[in-house]
1. Residue 115 fails exactly one of the following numbered conditions: (1) in contact (Cβ under 8 Å) with a residue 40 or more places away in the chain; (2) in contact with a helix residue (DSSP H, G or I) (Cβ under 9 Å, 6 or more places away or on another chain); (3) among the acidic types (Asp, Glu). What is the number of that condition?
2. Quick check on the range 93-116: of everything there that is open to solvent by less than 80 Å² (accessible area, probe 1.4 Å) and among the acidic types (Asp, Glu), which residue is farthest from residue 22 (Cα to Cα)?
3. What number of residues within the range 62-77 are surrounded by 14 or more Cβ atoms within 10 Å (Cβ to Cβ) and assigned to a helix (DSSP H, G or I)?
4. Out of the residues in the range 85-116 meeting the condition of being among the hydrophobic types (A, V, I, L, M, F, W, C) and under 11 Å from the mean Cα position of the chain (by Cα), tell me which one is nearest to residue 53 (Cα to Cα).
5. Determine which member of the set 49, 8 is closer than 22 Å to residue 102 by Cα and in contact (Cβ under 8 Å) with a residue 60 or more places away in the chain.
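The values are calculated or read from the model by the stated rules, or taken from the named source; none is laboratory data. Keep in mind the model is a prediction, meaning the values are calculated, not measured. Quick reminder, even Gly has a Cβ in these numbers, built from the backbone with ideal geometry, and neighbours come from all protein chains shown. Quick note on the areas: whole protein, heavy atoms, side chains included, nothing else; ligands and nucleic acids left out. Shrake-Rupley method; radii C 1.70, N 1.55, O 1.52, S 1.80 Å.
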Amino acid sequence: MLQLTNINYQMVLEMAEGEKDFEIELLEAIVNSVIDLRNKYVEGILGQNEEMIMQARHKIKPTLSLFGLEKLSSVIEEGKIILGENNMIGPETDRHKTEFIEAVEDLIEEINQIDK
């Protein structure tokens, strides 16, 4: 049995209600949302664009809670503090960006391991 730590797969199954095609669509939508988040979030950090980062966070919020993406959610919450305190400059920001990218990649890898 695959051990999932980045997504609450049970929430996906409950939403899909046994419809395998819908389950696959949900998983693909999650991956696409997270990739979009990664691109905008990192672009916002690199460009020191607080508005872009905020929009990216708000856009992903429903996905985070609907599918129990706790690890990614935690990294994003920590980022609010780090990016706010450091004005998106410095080693803490770099560490956060790396941690954020790793959380996104871990989630995508985990979803890709799910038997579709």
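1. That leaves (2) as the condition not met.
2. Looking at residues that are open to solvent by less than 80 Å² (accessible area, probe 1.4 Å) and among the acidic types (Asp, Glu), I get 99.
3. As a first pass, look at the range 62-77 and keep what is surrounded by 14 or more Cβ atoms within 10 Å (Cβ to Cβ): 63-64, 66-73, 75-76.
After this cut, where a residue has to be assigned to a helix (DSSP H, G or I) as well, the list is 63-64, 66, 70-73, 75-76.
Total satisfying the criteria: 9.
4. Filtering the range 85-116 down to residues among the hydrophobic types (A, V, I, L, M, F, W, C) leaves 88-89, 100-101, 103-104, 107-108, 111, 114.
Imposing the further condition that a residue be under 11 Å from the mean Cα position of the chain (by Cα) reduces the set to 100-101, 103-104, 107-108.
Working: 100: 12, 101: 14, 103: 16, 104: 15, 107: 19, 108: 20 Å.
In this case the residue turns out to be 100.
5. Values: 49 fails: in contact (Cβ under 8 Å) with a residue 60 or more places away in the chain.
Checking each option against the conditions leaves just 8.
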